[in-house]
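Report on one structure; see the data block that follows.
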Number of protein chains: 4
Amino acid sequence: MQRPTPAPRATGRPRSAAANAAILAATRAALVELGWSGLTLGDVAARAGVAKTTLYRRWAGKNELVVDAVAELFDELRLPDRGSLAADIEGVVLQFAAILDRPEAKSGLMAVVSESTRDEALRARIRTSIVDRQKRLVLEGRARAQARGELPPENDPGAAAHTVDLIFDMVAGAVVHRTLVSAEPVTEDWAHGFAQVLLQGLTGRPAH
Amino acid sequence: MQRPTPAPRATGRPRSAAANAAILAATRAALVELGWSGLTLGDVAARAGVAKTTLYRRWAGKNELVVDAVAELFDELRLPDRGSLAADIEGVVLQFAAILDRPEAKSGLMAVVSESTRDEALRARIRTSIVDRQKRLVLEGRARAQARGELPPENDPGAAAHTVDLIFDMVAGAVVHRTLVSAEPVTEDWAHGFAQVLLQGLTGRPAH
Amino acid sequence: MQRPTPAPRATGRPRSAAANAAILAATRAALVELGWSGLTLGDVAARAGVAKTTLYRRWAGKNELVVDAVAELFDELRLPDRGSLAADIEGVVLQFAAILDRPEAKSGLMAVVSESTRDEALRARIRTSIVDRQKRLVLEGRARAQARGELPPENDPGAAAHTVDLIFDMVAGAVVHRTLVSAEPVTEDWAHGFAQVLLQGLTGRPAH
Amino acid sequence: MQRPTPAPRATGRPRSAAANAAILAATRAALVELGWSGLTLGDVAARAGVAKTTLYRRWAGKNELVVDAVAELFDELRLPDRGSLAADIEGVVLQFAAILDRPEAKSGLMAVVSESTRDEALRARIRTSIVDRQKRLVLEGRARAQARGELPPENDPGAAAHTVDLIFDMVAGAVVHRTLVSAEPVTEDWAHGFAQVLLQGLTGRPAH
DNA sequence: CGATAAACGAGACGGTACGTCCGGTCTTGGT
DNA sequence: ACCAAGACCGGACGTACCGTCTCGTTTATCG
């Protein structure tokens, strides 16, 4: 175990702790009102009551700022125990869709994903702050299903990890695509149908 | 029903047909080199050997232009008959991933999706030019599987349409999320695992 | 002999002629209100009802702009015939001092001179637009005095040119130094004393 | 001669005396390298090994600092006895021109003069630190010429003071204008011609 | 075949945001 | 008490694009 900041700052005036939160909140507010392309760092700084330089001192640019601002949104996600794996999936899908439907997530998330295709560091930041952070939901859901006896225990740890990635991409991908690309709402019916296909497959037994 | 060109005007110099193709090609080339955020309409015009005014005469802005430029890419998708539904799915997933991995699609697609969250007309354009256009693949695959006896015929036409939408979001969403958000490659193994879960579900029988 | 503008501009929208005058007038107005160091190009552009880019398209920066704005002021200088060389000198000294006392000249002139010490191109611009342009006054005054018989005709043209330069530096320098460095007013008495020393020297006969 | 630190104070200020000199030297060095407009107080502080706050504690701003830094330069001026008034004038003109030609004086002097046109306190500081301080040279030169019998003794003390001012403006003004505005070198020939006109006037007897 | 009309290239235009730099001020902790 | 370090707010910098406009020119169809 090591200190993450080997020699952080011994001297000079320390950075304002309050400013960080104000900036991220201002970023989300600006995303709601103006969307990604309308968001300007000058405007964010003004909303946060902070100078533009302060903002640039802490983030490399618009992309990094928005990743951090959006990442916080997804930390609200919970996996309440609804009694069955199918119900748990439906629940998390609806929660995820509700967050994605908020305008600050809607226009911010895909924009930074787009930018990340040409920026390795940004890609890593998204993975760390958003993707890997939310895979906990898949792990939790699987463990709970295994405890209930709905899923068999894992034998191969490597395969288990790959399955987590696959399921995460399938769940998150479907919701994102439905919400943002197809631009259709995620209803309870849709979530129900999705959970059914995910659990039983296209060729599996019909719903009831 | 409406006329697409209310007053075609017989007189005056006609628009150059060659220019359209040159502009879209230049747009893709610029996307490859500069990415979405680095792309400027002035640069596209210069690459296409065209004045900026010509470009604005035909497209409302960057978003519309990129939608058209990217949409053409996905028309390459085919559904070759590989003998089984699982193999067909794997094939189309790999093809789709190959296109998505190209830089002009990578940074262009999610960018316009992001922009579309605040622009109804753009949303419609994406749906028309990209989403609905590629749902043909799901329809084709289902018909082929039904012909093979792998899937039962449809009873309810309404439910059948909803299933197409769901499957499309699940397939496209998973590939997009894997490629762009998780930023991991879509390998044959991944495509195989995905097809298996899609067909048999998480609780279904194992592959062999 | 050649055309001064060999291939000026055949194509594209021509530059607005009205803008130039508006910008120079706005520059002088801003100099009056804000002084050299308070003058910003953004403010000048706003006053002139012009975009900042238009301004940068025509001038390289603040220095060049101010040289042009100030140079116009000195074109007002005239050498009215007051009957004797001494009276002519007094007259032009008072006129020159009156212009120099205007705030737009006061703070602008020495500032660009200061900047020009590190910028050869600016030095040349000052010489062309201001210094050489006003040497006409010395030439005119000398010719008039020679016509009156107050000064002998020139023999050596080289020496005559040097003398013009010397006299110009002495007259302009004394007025500038009195006005801006010593920061004392140029009164009629001062102008009278100056003309007397210039014409008769420190060791010459007294005035009356 | 007196100690500059009247109350040495046992605690605290070991650097105080050294810092002043270091800052003024750093200011001149920065003027040489960067010129007036390129000079920043942060840079001066860094060069002097001093914090920016220390600098602001002692000077009100860039202008005051530069006045002090430049004023020291002119204290080098001496009036060596060259045997005649004409020769003395030539000598001091060449010395003055040599100092003015140094880059730290060149770009600093006229810049603060320009700024002083809108700042009464700065104007006073320039007069005290530079102008009045160097008028000693005129006084000294006149006294020496009177001792030699080249100039008559003064009758009216008021007129005598005015004459000092006039001569100072004429000498300093001509050299400054020649060096900085006309941007031509002050050679021995030029100094000779200038002294001759100053002493004998334009209409006076020729040089020999 | 000449008139008419639209599209064309070129590039200047008014705006807006960028990311950087500096000016001055204010906290820190150190001596 | 003073200092160095450096974060802070504010504001100008010069640049880049945006989308519009004004030109003179080219290329059609129609009368």
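The values are calculated or read from the model by the stated rules, or taken from the named source; none is laboratory data. Predicted, not measured: the structure shown is a model, and the values here were computed from it. Cβ atoms come from the backbone with ideal geometry, glycine included; neighbour counts cover every protein chain shown.
Selection of region C:191-207 for residues being among the hydrophobic types (A, V, I, L, M, F, W, C) and either touching a Lys or Arg at 6+ places or on another chain (Cβ under 6 Å) or without any contact (Cβ under 8 Å) to a residue 40 or more places away in the chain (or both) yields C:V197, C:L202, C:A207.
Does A:R123 satisfy the condition of being among the basic types (K, R), under 19 Å from A:V138 (Cβ atoms) and without any contact (Cβ under 8 Å) to a residue 40 or more places away in the chain? So A:R123 does not fit the description; no. Within region B:13-32, residues that are within 14 Å of chain A (Cβ to nearest Cβ) and among the aliphatic types (A, V, I, L, M) sit with their Cβ atoms under 8 Å from residues that are near DNA strand F (Cβ under 10 Å from one of its atoms) and in a helix (DSSP H, G or I), at 6+ positions apart or across chains, in these pairs: B:A30/B:G38; B:A30/B:D43; B:A30/B:V44.
Does D:A97 meet the test of being touching a Ser or Thr at 6+ places or on another chain (Cβ under 8 Å) and small (G, A, S)? Spelling it out, D:A97 is indeed touching a Ser or Thr at 6+ places or on another chain (Cβ under 8 Å) and small (G, A, S).
Taking residues in region B:96-116 that are facing chain A (nearest Cβ under 9 Å), and partners anywhere that are modelled with pLDDT under 95, the pairs with Cβ atoms closer than 7 Å and at least 6 places apart or on different chains are B:S114/A:S107.
Take A:D75 and tell me if it is away from DNA strand E (no atom under 12 Å from the Cβ), loosely packed, with under 14 Cβ neighbours inside 10 Å and closer than 22 Å to A:R127 by Cα. So A:D75 passes the test.
Restricting attention to region D:20-34, the residues that are within 12 Å of DNA strand E (Cβ to nearest atom), surrounded by 20 or more Cβ atoms within 10 Å (Cβ to Cβ) and either more than 23 Å from D:V113 (Cα to Cα) or not polar (S, T, N, Q) (or both) add up to 1. Does C:L122 satisfy the condition of being facing chain D (nearest Cβ under 8 Å) and under 24 Å from D:L100 (Cα atoms)? No; evaluated as a whole, the condition is false for this residue. Of all residues in region A:61-82, those being free of Cβ contacts under 8 Å to residues at least 40 places away in the same chain and within 16 Å of DNA strand F (Cβ to nearest atom) number 2. Consider A:R133 carefully, then state whether it is over 12 Å from the mean Cα position of the chain (by Cα) and more than 30 Å from B:A121 (Cα to Cα). Against the criterion (over 12 Å from the mean Cα position of the chain (by Cα) and more than 30 Å from B:A121 (Cα to Cα)), A:R133 does not qualify. Assessment of region C:82-90 against the conditions (within 14 Å of chain D (Cβ to nearest Cβ) and either among the β-branched types (V, I, T) or within 14 Å of DNA strand E (Cβ to nearest atom) (or both)) yields at least one matching residue.
Being within 9 Å of DNA strand F (Cβ to nearest atom) and under 23 Å from C:R102 (Cα atoms) is the filter; apply it to region C:43-60 and report the residue that is surrounded by the fewest Cβ atoms within 10 Å (Cβ to Cβ). Taking the candidates together, the pick is C:D43. One residue stands out among those in region B:176-190 that are in contact (Cβ under 8 Å) with a residue 60 or more places away in the chain and part of a helix (DSSP H, G or I): the one that is farthest from the other protein chains (Cβ to nearest Cβ), which is B:E188.
Applying the set (1) free of Cβ contacts under 8 Å to residues at least 24 places away in the same chain; (2) within 10 Å of chain D (Cβ to nearest Cβ) to C:N155 leaves exactly one unmet item: (2). Consider C:V113 carefully, then state whether it is within 24 Å of C:R178 (Cα to Cα), crowded, with 18+ Cβ neighbours inside 10 Å and within 16 Å of DNA strand F (Cβ to nearest atom). No.
From the list B:G173, B:G201, B:G193, pick out the single residue that is at the interface with chain A (Cβ under 7 Å from one of its Cβ atoms) and buried (at least 23 other Cβ atoms within 10 Å of the Cβ). Let's see the steps before the verdict.
Values: B:G201 fails: buried (at least 23 other Cβ atoms within 10 Å of the Cβ); B:G193 fails: buried (at least 23 other Cβ atoms within 10 Å of the Cβ).
Just a single option satisfies the conditions, and that option is B:G173.
Applying the condition of being in contact with a helix residue (DSSP H, G or I) (Cβ under 8 Å, 6 or more places away or on another chain) and closer than 15 Å to B:Q134 by Cα to region B:95-104 and asking which residue is surrounded by the most Cβ atoms within 10 Å (Cβ to Cβ) yields B:F96.
From the list A:E188, A:E140, A:E154, the lone residue that is under 30 Å from B:P153 (Cβ atoms) and out of contact with any Gly (no Cβ under 9 Å at 6 or more places or on another chain) is A:E188. Identify, from the list B:A48, B:A29, B:A22, the residue that is within 20 Å of the chain's Cα centre (by Cα), small (G, A, S) and not assigned by TED's automatic domain parsing to the domain that holds B:A105. Testing whether each residue is within 20 Å of the chain's Cα centre (by Cα), small (G, A, S) and not assigned by TED's automatic domain parsing to the domain that holds B:A105 leaves just B:A29.
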